[in-house]
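Visitor: Quick one: structure below, then a few questions.
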Amino acid sequence: MASSSSSSVFLLSLVILFCASIQSSSAQITVLSSLSGIKELEFASHSADANKVTLALHYETLCPYCSNFMVNYLPQIFNNGLIDIIDLQLIPYGNAKITSDKVITCQHGPTECELNTVEACALQVWPAQDKHFNFINCVETFVYNGQQSQWKSCYSKLGYKEEPINECYNSGLGQHLELGYAKATGALNPPHKYVPWVTVNDEPLYDDYRNFQTYVCNAYQGTKPAACQAQQMEITSKTKSDQMLEVTFMDKTIPTTNIRSPMTKARRQMKF
């Protein structure tokens, strides 16, 4: 009984640490163009800014449009320095659901639940932004290329130890983290309709999420950084009617093989 009590206290302590605010250092990333070249991304620290804009990405790991955004769009803010004015929040839960007995079911099946939890653990055990983003970007690059079964090779490619993630996952902490992300996702106002669901200062960008840098620049109240000068500062109010949404809707299930294929023109014509 004493051992069980100690384990519960330890787990509760970890959950409390997760709930506490984590100050992540800003950084600059060198984006990788291919899986064969995956290695630890290069970061350089930047100064903090009290006026930072909150950029939140609600996603699920096997959503093809989420991995596309994670691999091809989000890293741009590290390259151009826009991360200096951004408080980046990653919420790996997406369109998952919770049963009455607190079992999480994921839109793309058990593998997605596993990877959602793994990435939640990465955010927890490696709170430094350079550390967890390196890992998540690596995992999502495999997903983007339809090779998600190879995600564990990210440990060796990045020189990261596997044990902290395994301990988080197997101890039940990962499940608690995911339940926390479920609560945060359920509290969205307005509620999310699909993923990726991107918000800037809690305002959803809907299907214009790929234009997120413009929204960030418009929301920033301080002196605009050089990166903002390159952004189109006028936001298009509506997407053209003939432009299909690149999102994964709730209550829809799609195959998880050939994840990259939805980026092709043919798959863009389908609504998920």
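The values are calculated or read from the model by the stated rules, or taken from the named source; none is laboratory data. Keep in mind that what you see is a predicted model, and the values were worked out from it rather than measured. Ideal geometry is used to build each Cβ from the backbone, glycine not excepted, and the neighbour counts take in all protein chains shown. The protein model used for the area step is the full one, side chains on, heavy atoms only, and it has no ligands, DNA or RNA in it. Shrake-Rupley method; radii C 1.70, N 1.55, O 1.52, S 1.80 Å.
Visitor: Output yes when any residue across the stretch 153-170 is closer than 20 Å to residue 63 by Cα and out of contact with any Cys (no Cβ under 7 Å at 6 or more places or on another chain), and no when none is.
Guide: No, the stretch 153-170 has no match at all.
Visitor: Still on this structure, please answer the following. Of all residues in the stretch 83-117 being of a type in the set (Val, Ile, Thr) and farther than 20 Å from residue 151 by Cβ, which is modelled with the lowest pLDDT?
Guide: Among them, the one singled out is 99.
Visitor: In the stretch 209-221, which residues are more than 15 Å from residue 59 (Cα to Cα), open to solvent by 20 Å² or more (accessible area, probe 1.4 Å) and not aliphatic (A, V, I, L, M)?
Guide: Selection gives 211, 215, 218, 221.
Visitor: Check the stretch 199-219 and report whether any residue there is closer than 19 Å to residue 136 by Cα and either among the aliphatic types (A, V, I, L, M) or in a loop (DSSP other than H, G, I, E, B) (or both).
Guide: The answer is no, given that none of the residues of the stretch 199-219 is closer than 19 Å to residue 136 by Cα and either among the aliphatic types (A, V, I, L, M) or in a loop (DSSP other than H, G, I, E, B) (or both).
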